[in-house]
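The values are calculated or read from the model by the stated rules, or taken from the named source; none is laboratory data. Keep in mind it's a predicted model, so treat the numbers as computed, not measured. Cβ placement follows ideal geometry from the backbone for every residue including glycine, while neighbour counts extend to all protein chains displayed. Just the protein is used for accessible areas: all its heavy atoms, side chains included, with ligands, DNA and RNA removed. Shrake-Rupley method; radii C 1.70, N 1.55, O 1.52, S 1.80 Å.
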Amino acid sequence: MNRVPLEKRILSENDRVAADLRERFKEHGTLCLNLISAPGSGKTSLLEKTLESLPQSERVAVLTGDIQTENDATRLRRFGFPVKQITTGGTCHLDARMIERHLADWRLEEIDLLFIENVGNLVCPSSYDLGEAAKIVLLSVAEGEDKPLKYPSIFFKSELLLITKTDLLPYVPFNIAKAEENARRIHPEMEIVRVSCTRGDGLPEWLTWIEHRKQAQQVTKSDVVV
Ligand SMILES: Nc1nc2c(ncn2[C@@H]2O[C@H](COP(=O)(O)OP(=O)(O)O)[C@@H](O)[C@H]2O)c(=O)[nH]1
Ligand SMILES: [Mg+2]
């Protein structure tokens, strides 16, 4: 009976912490990107490819969320950048407090790019602002082109859609043009990049997108200073 008011209170508390995080990211010029998808769509694989291609001088860090295990953090630490695992113990999304807690002993002024890999889920993570500059949704070609219509909230809120595992297109009945049309029905201005981590397709476009977003974040930082 009291569920709706309680959910509202939790979300407004989350929004308050997220707003504070966003202010801190802006102040330090940290670009924070929140990666969201169903389990297994390729978030960690994309981060592996991304970290592999960045120079060691890049000031990048990752927070990776799962219900259990340190597996993803172990996969991502191989590249030499700071990585922390957030295990939620059952919660199906990350919230702003978890991000705040796990950032406590990192100096944001030393991080230009912060990736958050959310818990695999297309529903709950869309309701929780983490203070990120942008949400990015991944949809693999094995999941069906109707997912933007079934889970509109996350497609509406994400700035970028990455259609992943395009190397599998010859083997699965997935109409990629239809998937893109469905995504744009929900979010007409959405940017879309097709990627394959096994073949490397689309990775240059993804890295360029990050670079543009980083520059935009630096401009915002100088606005704050002035
Ligand atoms: N064929 C193919 N498999 C992929 C690709 N990206 C990821 N995978 C596989 O998909 C599975 C799940 O990937 P993972 O990165 O762990 O997904 P996450 O749960 O979203 O982090 C793994 O077996 C990956 O090897 C891709 O581009 N092509
Ligand atoms: Mg993962």
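Quick notes on this one:
- Mean separation of Cα pairs under 8 Å and 6 or more residues apart, divided by the residue count, gives the stretch 86-130 a relative contact order of 60 percent.
- The Rg/Rh ratio for the stretch 55-107 is 0.99, where Rg is the radius of gyration of the alpha carbons and Rh is the Kirkwood radius.
- Full extension of the segment from Asn71 to Ile10, taken as 0.36 nm per residue of separation minus the current Cα-Cα distance, would add 19.0 nm.
- Among the listed pairs Lys84/Lys150; Lys84/Lys165; Lys8/Lys165; Lys147/Lys221, those with a Cα-Cα distance over 30 Å are Lys84/Lys150; Lys8/Lys165; Lys147/Lys221.
- The stretch 1-126: C-alpha gyration tensor shape, a/c 1.5 cut-off, then a/b vs b/c: oblate
- 3J(HN,Hα) along the stretch 93-100: 7, 8, 10, 5, 5, 4, 5, 4 Hz, from the Karplus curve 6.51 cos²θ - 1.76 cosθ + 1.60 with θ = phi - 60°, whole Hz, x for Gly and Pro.
- Förster radius 30 Å - calculated FRET efficiency between Thr208 and Asp167, Cβ distance, rounded to 0.05: 0.90
- Over the chain: Kirkwood hydrodynamic radius from C-alpha pairwise inverse distances, Å: 18.0 Å
- Where N is the number of residues in the stretch 9-67, Cα Rg divided by 2.2 N^0.38 Å: 1.39
- Gain on full stretching of the segment that runs from Glu100 to Ala142 - 0.36 nm per residue minus C-alpha separation: 11.7 nm
- Applying a DSSP loop filter and a limit of 16 other Cβ atoms within 10 Å to the GluC sites (Glu not before Pro) in the stretch 1-91 leaves Glu58, Glu70.
- The region of the chain that goes longest without hitting one of the trypsin sites (Lys or Arg not before Pro) in a DSSP loop, each with at most 13 other Cβ atoms within 10 Å, is 108-198.
- Inter-label distance, nm, simple model (7 Å from Cα along the C-beta direction), Glu27/Leu149: 4.7 nm
- The chain - percent relative contact order, Cα under 8 Å, separation 6 or more: 25 percent
- Percent carbon-and-sulfur accessible area, the chain, ignoring ligands, DNA and RNA, probe 1.4 Å: 53 percent
- Anisotropy class assigned to the stretch 127-226 is oblate, per the alpha carbon gyration tensor with a/c at or over the 1.5 cut-off and a/b no larger than b/c.
- Taking amide H atoms as placed 1.01 Å from N in the peptide plane, the amide H of Val83 lies under 5 Å from those of Val62, each 5 or more residues away in sequence or on another chain.
- Spatial separation of Cα centroids for the stretch 163-204 and the stretch 87-121, in angstrom: 27 Å
- The residues of the chain expose on average 48 square angstrom of accessible surface per residue, using a 1.4 Å probe on protein heavy atoms.
- Computed over protein heavy atoms with a 1.4 angstrom probe, the accessible surface ordering of Phe79, Phe155, largest first, is Phe79, Phe155.
- For the stretch 84-169: rounded, prolate or oblate by the Cα gyration tensor [a/c cutoff 1.5]: prolate
- Taking each DSSP H run with n ≥ 4 as -39500 (n - 2.57) and averaging over every residue of the chain yields -13000 deg cm²/dmol at 222 nm.
- Sparse-neighbour loop sites [GluC sites (Glu not before Pro); the stretch 135-226; at most 15 other C-beta within 10 Å; DSSP]: Glu189
- Across the stretch 125-131, coupling constants 3J(HN,Hα) worked out from phi with the 6.51/-1.76/1.60 Karplus curve, θ = phi - 60°, read x, 6, 8, 10, 5, 10, x Hz, and Gly and Pro carry x.
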